[in-house]
Amino acid sequence: MKSFAPVLNGLGLKCQFIEDRAPTERLRSRVPVRNGSYVRDAACIIFTVCHYKKIGRHRAQARVGNSNKEQRQEWARRAAIAWWGKGSP
């Protein structure tokens, strides 16, 4: 659930928050300061080699599933030539 608003709306409720400054200051004094070196500016996705290999496997499966027999034979022939180094494609 991304928001509590639909739940409150479904129940026909409104919510109002009032800050009590004294307890907030006590809590703020107990919580350590956040280390800025660990904070990122925005969400980022780091793609690893393993992730790229996984994407490649999925793409290869889709490619094989949408191909005909002659195309698969040509790919196998080219792969064998590249592997064994015989002749040119």
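The values are calculated or read from the model by the stated rules, or taken from the named source; none is laboratory data. Everything numeric in this text was worked out from a predicted model, so none of it was measured. Here the Cβ positions follow ideal geometry from the backbone for every residue, glycine too, while neighbour counts run over all protein chains shown.
Points worth noting:
- Failed criterion for Val31 (all others in (1) modelled with pLDDT of 85 or more; (2) over 21 Å from the mean Cα position of the chain (by Cα); (3) surrounded by 10 or more Cβ atoms within 10 Å (Cβ to Cβ) hold): (3)
- Considering segment 78-89, the residues that are over 36 Å from the mean Cα position of the chain (by Cα) and either assigned to a helix (DSSP H, G or I) or at pLDDT 90 or above (or both) include one that is surrounded by the most Cβ atoms within 10 Å (Cβ to Cβ), namely Ile81.
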